[in-house]
Amino acid sequence: VKDIFGGLAGFLRLWIAVLVIYPTNQAVIALTFANYVLQPIFPTCLPPEIGLRLLAGVCLLLLTWVNCASVRWATRVQDIFTTGKLLALALIIIMGIVQICKGEYFWLEPKNAFEFFQAPEVGRIALAFLQGSFAYGGWNFLNYVTEELV
């Protein structure tokens with residue numbers, strides 16, 4: 001941004017990223033985590049909004065404290081979360097294979113795979129793109145990771 005639009009635009013982009021984009025991203029992740037944690041406690045209704053926000057805030061404060069306290073602790077927490085993600089992915093794959101072996105593959109047939117559950121609307125399509133770009137937003141950090149590896 002600095003090379004194309006100048007120093008002021010680069011400076012503003014950095015401050016917008018630090019003060020708006022990254023904290024918002026972390027808040028969305030924390031709220032999603034809180035929703036997944038509280039949903040089993042409230043199986044018949046939505047979790048209370050204050051509970052979601054409180055748990056998300058506590059999680060953010062805890063992770064911030066761990067990152068500030070010790071690099072070793074932060075690395076261990078990251079390893080635990082990575083292991084949890086891989087175990088969840090393995091569970092999803094195994095359950096999918098079990099369903100296929102049981103003969104329950106209706107939605108995998110080509111004629112049913114792209115059948116709409118709901119009528120396609122512009123808002124739903126935009127939301128799908130937003131969720132997809134949020135889920136695969138890690139490509140943006142590829143240059144930083146590559147720099148750390150070299």
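The values are calculated or read from the model by the stated rules, or taken from the named source; none is laboratory data. What you see is a predicted model, and the numbers here were worked out from it, not measured in a lab. Cβ sites come from the backbone with ideal geometry, for glycine too, and all protein chains shown count toward neighbours.
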Consider only pairs whose beta carbons are under 9 Å apart and that are at least six residues apart or on different chains; among these, list those whose first residue lies in the stretch 46-59 and is in contact (Cβ under 8 Å) with a residue 12 or more places away in the chain and whose second residue is of a type in the set (S, T, Y) and loosely packed, with under 14 Cβ neighbours inside 10 Å.
-> A56/T32
Residues of the stretch 76-103 satisfying the condition of being in a helix (DSSP H, G or I), out of contact with any helix residue (DSSP H, G or I) (no Cβ under 8 Å at 6 or more places or on another chain) and more than 25 Å from N35 (Cα to Cα) | I97, V98, Q99, C101
Matching residues, the stretch 1-48, being in a helix (DSSP H, G or I) and polar (S, T, N, Q) | T24, N25, Q26, T32, N35
Assess whether G7 counts as being at pLDDT below 95, at positive phi and surrounded by fewer than 12 Cβ atoms within 10 Å (Cβ to Cβ).
-> no
With respect to the numbered conditions (1) modelled with pLDDT under 90; (2) surrounded by 10 or more Cβ atoms within 10 Å (Cβ to Cβ); (3) part of a helix (DSSP H, G or I), which one is the sole condition not fulfilled by T146?
-> (2)
When residues of the stretch 31-60 are filtered for being surrounded by fewer than 13 Cβ atoms within 10 Å (Cβ to Cβ) and small (G, A, S), how many remain?
-> 0
Exactly one of (1) aliphatic (A, V, I, L, M); (2) at pLDDT 90 or above; (3) surrounded by fewer than 13 Cβ atoms within 10 Å (Cβ to Cβ) is unmet by V28. Its number?
-> (2)
Single residue of G84, G103 found to be among the small types (G, A, S) and surrounded by 10 or more Cβ atoms within 10 Å (Cβ to Cβ) | G84
